[in-house]
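Each remark here refers to the structure printed beneath this line.
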């Protein structure tokens, strides 16, 4: 691993300090491209206006007309945390704004696959709905939308995924990534797109005289769900997304949130009054996701929809149990998948440009997580496949991929599909995460095709693992109060949590729990504890560490400790 300090523009640091920003935060913000305090203003009034999101105004008219005619609305959700929160935001928001008939339908990961399919459209029609609304899916569902339209349904697609060459023939599409959309935040999650659609609908209802400034409901009650889905979907936290997350976190910390979120904090052993983006990404998000991976995402959505604290507790505990099962399955699969991956190259040699792994015993619900673990260890674009559990599709392999910086995974799939016609049956996704289905007999062709593209696109610099850090930590900033200050900020994808790096002295080290390295360090001459989770190899007496700041509590006393992220090789 190569540790690379970020460039810290001194003028931006100076400007932020002059505006009253703490010197450490000024340095961290400047290194992440922030140039003025205006970019740090998380007021709702600073959000990009919904009128600039292509389709939002027309979606508002469609929904307002449907509500005026007392039509039945059906949300078609997706089975990850973004899809679940988007569904909950849609149902709660539409009801808040006066819709009387709002229901939802969640596809089954095994039976239905991804997106709005023709059979799902038929189920929506059979439910008695008049209007079909997708959340976090639909932009690639040409056939599913066509079937819905043929059945007489109105169709509103709200999505954030990249479109293919053909757009579905929906009545309205709201997606910042659709052609012709000038919305400045292309990285908005599916839940954010739905929230913006509701903001536009509220404006339309005001314009019609259905609501006024005094009677209109406050949609900010939905922001805790928007924040959770945005962080859990690992979208880039640009200024607009950071505002959405910051506003959601403020409400969570003041304990103003849906009952299900409060119960999830308890079930995961986290404290809502000091909630962080890490809680969303590593505690609540995985518990919601687990339902879609191993069971039925209806559990996750019902947890986010209920206002009954008792029911919320029951659902949160169920989700926690499913997540424990997911971790067990993932652990076994990860070991097997890593063995297969490492068998693709000789010890001491470099891994192939791309890693593709399949085993008949793999569970399709956790292939994405396992792909992420292999990608993290080998630093290669990685696909992990499992046999489809859907009846009649036993010879199809469902794959999930995770990428490294500089390799656009969805574009790579597109190129493989063109070079090897018929090998990829379906695909979709983003730059860093994507999914596809291939026929089992063509797995080798897929592997060859992906390696060809990776060989062409990746160079030595891209294949070298790099960790960007914020350089040395001044000793005066090694304080518990500053740890708390940093934790309160919004960090995540594209706005990385502060990671420092410098040479430290390793005074002593020991294994704890058989898989973590507990350290006694000297940082600029002063003692400090450290821990490297999931690492067992001993460190030399002097080493360049990359570390994050954390606070450890022992006998009621909180002390700073370093969470080790990596070492300079």
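The values are calculated or read from the model by the stated rules, or taken from the named source; none is laboratory data. Note that this is a predicted model, so its numbers are computed, not measured. Note: ideal-geometry Cβ built from the backbone for every residue, glycine included; neighbour counts use all protein chains shown.
Details
- Those strands (runs of 3 or more DSSP E) lying entirely in segment 72-152 with at least 1 residues outside the structural domain of residue 62 (by TED's automatic domain parsing) and touching a strand residue (DSSP E or B) at 6+ places or on another chain (Cβ under 9 Å): none
- You will find that of 13, 21, the residue that is outside any helix (DSSP H, G or I), without any contact (Cβ under 8 Å) to a residue 40 or more places away in the chain and surrounded by 18 or more Cβ atoms within 10 Å (Cβ to Cβ) is 21 and no other.
- Counting residues in segment 51-60 that are under 22 Å from the mean Cα position of the chain (by Cα) and within 30 Å of residue 173 (Cα to Cα) gives one or more.
- Only one entry of 440, 476 meets the criterion of being under 26 Å from residue 142 (Cα atoms) and surrounded by fewer than 16 Cβ atoms within 10 Å (Cβ to Cβ), and that entry is 440.
- Any hit, segment 71-92, residues being surrounded by fewer than 20 Cβ atoms within 10 Å (Cβ to Cβ) and either out of contact with any helix residue (DSSP H, G or I) (no Cβ under 7 Å at 6 or more places or on another chain) or at pLDDT below 95 (or both): yes
- Only listed residue being over 18 Å from residue 82 (Cβ atoms) and touching a residue at least 60 places away in the same chain (Cβ under 8 Å), chosen from 187, 182: 182
- Looking only at segment 372-412, and only at residues there that are in a helix (DSSP H, G or I) and touching a helix residue (DSSP H, G or I) at 6+ places or on another chain (Cβ under 8 Å), the one that is surrounded by the most Cβ atoms within 10 Å (Cβ to Cβ): 412
- Residue 401, sole failed condition from (1) modelled with pLDDT under 95; (2) closer than 18 Å to residue 293 by Cα: (1)
- Matching residues, segment 534-549, being surrounded by 13 or more Cβ atoms within 10 Å (Cβ to Cβ) and assigned to a loop (DSSP other than H, G, I, E, B): 535, 539
- So residue 305, is it closer than 21 Å to residue 389 by Cα and at pLDDT 95 or above: no
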